[in-house]
Amino acid sequence: MKIKLPSSTHNLLSLIGATIAVISFLLILFLFIISHIFLSSGNYLGLLVYIVLPSFMIGGLIIIPIGMLIKRRKMKKSDSSTADWPVIDLNDQRYRNAFFIFSISTTILLLLSAIGAYQAFHITESVEFCGTLCHKVMEPEYTAYKNSAHAKVACVECHVGSGVGWYTKSKLSGLYQVYSILTNSYERPIPTPITSLRPARETCEQCHWPGKFYPNTLRHERHYLPNKENSEWDIHLRMKIGGTIAAKGFENGVHWHINPEVKIEYFSSGNPNEEINWVRYTNLKNGEKIVYTMGEDPIEKNPKNEKKIIDMTCIACHNRPSHNYMAPFDFLDQAISEGKIDEGLPNIKALALQIFEDDYSSSDTLSAVCAEKIKSYYEKENPQLFKRQKEEIEKSIEGIVEAAGKNIFPYMRASWKAYPNNIGHLNFPGCFRCHNDEMISVDEEHVISKNCNICHTIAAQGNPDNLAAATFDSFLDFKHPGDIEEDDWRDSYCSDCHDGLNPQ
C-alpha cells in the first residue's frame, strides 16, 4: 500500500536524504548486532557505529526538509495562492501520515542519539582510541605507555582529567590534530613539553597524594659494562624521597620540592626539559624569598619574562611518567637482566651499542642491520662459537630487536635522543639543571648544591662477586666503573660523557 505524503515531499533531494538516512540506520543496526555477537567491536568499528554513520544519518535527515523547502518555493512561484508556511491539517491523511512518521522517527532518533552519544563519549575516552586510531603517529607513545608503570591508567586521566571544560578543550585541540594527520603536516617527533596539559596538581596528585609522606627507599640498579665479559656492575642507592622517617614528612628529601609550605618557581629561556636559568624559592609560612640565577637575572633584565615563570610540580622532574624512551645502554641492561640477551656471548653489549650509533629509516631496516652485524661479527671473529652457540646468538638478536622496538621508532623519529628524561642525571642534565653549584642567590649567600648525597647515598656498589657495602647508617663514595681517573667525574656532569650509548 502506498503511503500518501504532502506534495512537498515529492522531490529528488528529499528522496536522496531519506535514502541516506535509511541506509545509514540499517548499517548502524547491522554493525551494532555484529559487534555484540563477537563481543568486541574494535576501535574502528565503534568509531563507525557511534560517530561516522550517525553523522551521515543526521545529515540525510537534514536534507529531507531542505528538499521540501526548495520544492515549496517552486510551488509558490507557479501558484501564488500557495501559503507561505505549510498548513498541518491532521484531518488530511497525507499530513497525518507525515506527522506520525515524523513523531515516531524523532523519538527513535532521540533514543538512539542518547545511546550513541554515551557510547561515542566512552570510545573517544578509551586508551585504544588515543593510542591506535592514528597508529603510525601515536605508536611510540602507545608502546611506551603499555610498558610503563601507568599502563592501567587511562590516557584521559592525565591528558584530560575530569570535568566538561577540559573535555571540551581536549576535543577542540584534537580537531587540529586530525587536520594535521589528514594533511600529513604533523611534526616528527612530536614536540615537547606539551603546553596544553591540565596542571599536574589536578591529575598526578589525585593518586600520588602529597600528604602521604614517603621516607627513604632502596633502589637497586644492575648494569653491564660493554667489554668482552659484559661485566656486571651493581649499585644500591638509598633514595631520600622524603624525610628520614615518614613522620617527618617533607622536612627534607627529593619531594621537598612539592612541600605545601614552600613554593618553587623556575624560568627557562629555552626548553625547560633541558635548561633552567632562574629559580625562586618562597617560604609560604614566613614569606622568605630567595632568587637564584646563573649569571644575569633574566626576569630583572626583561620583566615580560615574569609571565613565563613556571611553578614546579611533579612533571618538572617526572616529565616522562608514561612515555619514557630508554637509552640503548639502559634497555640493553634490562634485556640482559631479563635473560633475553645472552650475557655469556663475548662483547654482545658493545656490539649492540654500535648498532644504535646510526639512525635508520624504518624498524625493519634496524632489525636487518642488527642481525647482519652480530652474525657476521661472530662468524668472522669466532667461527667455533658461532656454530656452537648459534641458538643463543639468534635469541640475543631477537632480544635486542624487541628491546629496541619498545624504545626507538624511526618513522616518528622518536627515541631517547628526542625526549630527555629529567629523572636522575645520567644521560640528560635532569637534576643538574638546578643542582649544579652555579645557581647562586642574588646576594651570593646561597647556592643550589651539586652534592650527590642531598638526594641519595650509596649503600653498595661493584661487581656482585666483590660488592663493597656500607654499614646501615653510613654510605660509600661513588666509584666510577671502567677506565677513568678516580675523581675526573667530579668536575663535569654525567651527561657530558653519557649519551645513552657511551659507558663513560
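Below are the figures for this structure:
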| item | result |
| --- | --- |
| Test: residue in region 415-429 that is among the basic types (Lys, Arg), surrounded by fewer than 16 Cβ atoms within 10 Å (Cβ to Cβ) and at pLDDT below 95 | no |
| Within region 241-253, considering residues that are surrounded by 19 or more Cβ atoms within 10 Å (Cβ to Cβ) and out of contact with any helix residue (DSSP H, G or I) (no Cβ under 6 Å at 6 or more places or on another chain), the one modelled with the lowest pLDDT | GLY249 |
| Filter result for ILE108 (in a helix (DSSP H, G or I) and surrounded by 12 or more Cβ atoms within 10 Å (Cβ to Cβ)) | no |
| Every pair of residues 6+ apart whose Cβ atoms lie under 8 Å, when the first sits in region 419-432 and is touching a residue at least 24 places away in the same chain (Cβ under 8 Å) while the second is of a type in the set (Gly, Ala, Ser) and not in a helix (DSSP H, G or I) | ASN427/ALA327; ASN427/GLY500; GLY430/GLY424; CYS431/GLY424 |
| In region 291-350, the residues that are in contact with a Cys (Cβ under 8 Å, 6 or more places away or on another chain) and part of a loop (DSSP other than H, G, I, E, B) | THR313, CYS317, HIS318, PRO321, SER322 |
| Subset of region 150-172 [within 17 Å of the chain's Cα centre (by Cα) and under 20 Å from ILE310 (Cβ atoms)] | CYS158, HIS159, GLY161 |
| Residue within region 413-431 that is among the basic types (Lys, Arg), under 32 Å from the mean Cα position of the chain (by Cα) and not in a helix (DSSP H, G or I) present | yes |
| Any hit, region 468-477, residues being touching a Gly at 6+ places or on another chain (Cβ under 6 Å), of a type in the set (A, V, I, L, M), outside the structural domain of GLU343 (by TED's automatic domain parsing) and loosely packed, with under 14 Cβ neighbours inside 10 Å | yes |
| Index of the failed condition, VAL160 passing every other in (1) farther than 19 Å from PRO420 by Cα; (2) surrounded by fewer than 16 Cβ atoms within 10 Å (Cβ to Cβ); (3) touching a Lys or Arg at 6+ places or on another chain (Cβ under 9 Å) | (2) |
| Region 436-482: number of residues that are under 30 Å from ASP297 (Cα atoms), free of Cβ contacts under 8 Å to residues at least 40 places away in the same chain and of a type in the set (Gly, Ala, Ser) | 1 |
| Residue list for region 440-462, restricted to those being farther than 20 Å from TYR266 by Cα and either of a type in the set (D, E, K, R) or touching a strand residue (DSSP E or B) at 6+ places or on another chain (Cβ under 6 Å) (or both) | HIS456, THR457, ILE458, ALA459, ALA460, GLN461, GLY462 |
| Test for PRO215: is it buried (at least 17 other Cβ atoms within 10 Å of the Cβ), in contact (Cβ under 8 Å) with a residue 24 or more places away in the chain and part of a loop (DSSP other than H, G, I, E, B) | no |
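The values are calculated or read from the model by the stated rules, or taken from the named source; none is laboratory data. Being a predicted model, the structure only gives us computed values, none of them experimental. Virtual Cβ from ideal backbone geometry, glycine too; neighbours counted across all protein chains shown.
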